[in-house]
Amino acid sequence: MTGTVGNSGPRGAFKALAALIWIALPAITAMYALAWSQLPPRIATHFNFANQPNGWMSREGSLIFFLVFATLVSGTATWVLSRVNNPDPTAWVLLVFFYVIIGVVIWAEHSIIAFNVEGHPVNVMPVFGAGMLAAAVLIVIALGTRRGRELPASSTFAAELHASAAWAALFGLMTALSIRLIAMAPNVGLRVVIGLPVLMLLGATALAWSGFHYLFSPAGVEIRTMGFRLRSISAADIRSYAVDHWNWLGGYGIRGIGDRRAYVWGNRGVRIKTAEGEVFLGHSRPEKIISDLDLMTHNHEARELSRSGFTS
């Protein structure tokens, strides 16, 4: 009973904070309502790297744009965060990340209103930098949490690779375009800010090219990429596994929050249910993963029987 109450506190707070993100819509409406009579019929809404306006729309169009964008962000946050049953550090950081995005939207609206009403200059660098920093923190925490305990030393009997040259090429192209964008930036500060997503894109390119390496041993399965251990799944913790389809809406790469994780570059793979949640291993030939898991389970059971017989 105590454990249930203890878990309901953080979970309840997480759900409440996830729902509060919708407060952005009335906040956006109120900000426009307070300044409506002072706004000209046509207002500047887009600015270049030199913080000079280069795009305009009607004040009605601007209000609709911000409301639609905030609705999309809030709806995405609600859909993603509602899938979290037991919030872990990654889930909490993701919640903060969504609030950062909403904060950027509200800041952008306030800055546009202030520019068109009072002529206050717009500086995009601090807020853009904060968003990129939040994304970097999210990636670091996602990589560093829910990795599982390292498996005991055991000989690997099978290794599978799941990579994607297509995703690597796409990320590589995006990296090249971002580097071109850096060259166009008018000052060093903006180049540094844009450099953060470039580094993340480089990492994504390397991740897709190197792929996920699944190492099977009698002790369990270890998931690695570029020599880094992403996750260890003990054979004793596996409850079931089966070939399954990956929904593209879930995204690709390292996915999942709470008690779910996925390592996937395609739409096929194997879903493993463990004592702690679910892990999806992407692979173009999932039957090979099933075969390796069958052999791993058989070896683990044989080892346990051997140990119990030796003990008795």
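The values are calculated or read from the model by the stated rules, or taken from the named source; none is laboratory data. A quick note: this is a predicted structure, and the numbers were derived from the prediction, not measured. Methodologically, a virtual Cβ is constructed for each residue, glycine included, from the backbone with ideal geometry; neighbour enumeration extends over all protein chains shown. In case anyone asks, the SASA skips ligands and DNA or RNA and just uses the protein heavy atoms, side chains included. Shrake-Rupley method; radii C 1.70, N 1.55, O 1.52, S 1.80 Å.
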Carbon/sulfur accessible area of the stretch 208-297, % of total, 1.4 Å probe, equals 52 percent
Efficiency of FRET from Cβ geometry, Ser58 and Leu181, R₀ 30 Å, rounded to 0.05
0.55
With a 1.4 Å probe and all protein chains in place, put Phe115, Phe228 in order of accessible area, largest first.
Phe228, Phe115
Given the protein chains as shown and a 1.4 Å probe, how many square angstrom of Leu196 are accessible, to the nearest 10?
60 Å²
When each pair of different Cα atoms in the chain is counted once in the 1/r mean, what is the Kirkwood radius in angstroms, to one decimal?
22.5 Å
For the chain, with every protein chain kept in place, what is the accessible area per residue (1.4 Å probe, Å²)?
53 Å²
Amide H of Asp244: which non-local residues (sequence gap of 5 or more, or other chain) have their own amide H closer than 5 Å, using H built in the peptide plane?
Gly269, Val270, Arg271
